[in-house]
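Inspection log for the structure reproduced underneath, given as structure tokens.
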Amino acid sequence: MRNCQSGSYFTACLNIRPTLSFEATVVVLAEALGIRFSPDEEGKYEEYPAYRAFALGLEIALLAPPPPDMDTREMRDNCFQLIIDTCADVSDGGADVDMSALIAAQLSSATELEIERVDVAPA
């Protein structure tokens, strides 16, 4: 009998240099990834202006830096951040899959956005 994985948790985290406005960057990303973003009306990302999309069981979010008076980050920069996470709860021994290289390659080939991978320390 063949062994199968019970699930996978997909993630990605990329910084995007603000060569365009936040809204224009959302439009470029939506076209390049074939998705439709909507403003984050739920406030999931609190003080961060954000747009979210859902596709193939993934949440794709683009965050802008918070306004200066609400910015509590230790390292402040003006990059937009693209975050991708699996929507489903995968807690049954599946694999963690970092899609950052795949998404960066797609965006590099389909756009002129300046993309930087973010190294995220394992939990």
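Observations on the structure shown:
- Subset of region 22-48 [crowded, with 16+ Cβ neighbours inside 10 Å, of a type in the set (Ser, Thr, Tyr) and not in a helix (DSSP H, G or I)]: 45, 48
- The lone criterion from (1) part of a helix (DSSP H, G or I); (2) over 14 Å from the mean Cα position of the chain (by Cα) left unmet by residue 88 is number (1).
- Test: residue in region 49-68 that is open to solvent by 30 Å² or more (accessible area, probe 1.4 Å), among the β-branched types (Val, Ile, Thr) and closer than 16 Å to residue 10 by Cβ: no
- Among the residues of region 8-34, those identified as in contact with a Phe, Trp or Tyr (Cβ under 8 Å, 6 or more places away or on another chain) and either among the polar types (S, T, N, Q) or over 12 Å from residue 79 (Cα atoms) (or both) are 15, 25, 26, 29, 30.
- Test: residue in region 76-93 that is in contact with a helix residue (DSSP H, G or I) (Cβ under 6 Å, 6 or more places away or on another chain), open to solvent by 40 Å² or more (accessible area, probe 1.4 Å) and under 22 Å from residue 29 (Cα atoms): no
- Residue list for region 9-21, filter: polar (S, T, N, Q) and open to solvent by 70 Å² or more (accessible area, probe 1.4 Å): 19
The values are calculated or read from the model by the stated rules, or taken from the named source; none is laboratory data. This is a predicted model, so every value here is computed, not measured. Neighbour counts run over all protein chains shown; Cβ positions are idealised from the backbone, glycine included. For accessibility, only protein heavy atoms count, side chains too; no ligands or nucleic acids. Shrake-Rupley method; radii C 1.70, N 1.55, O 1.52, S 1.80 Å.
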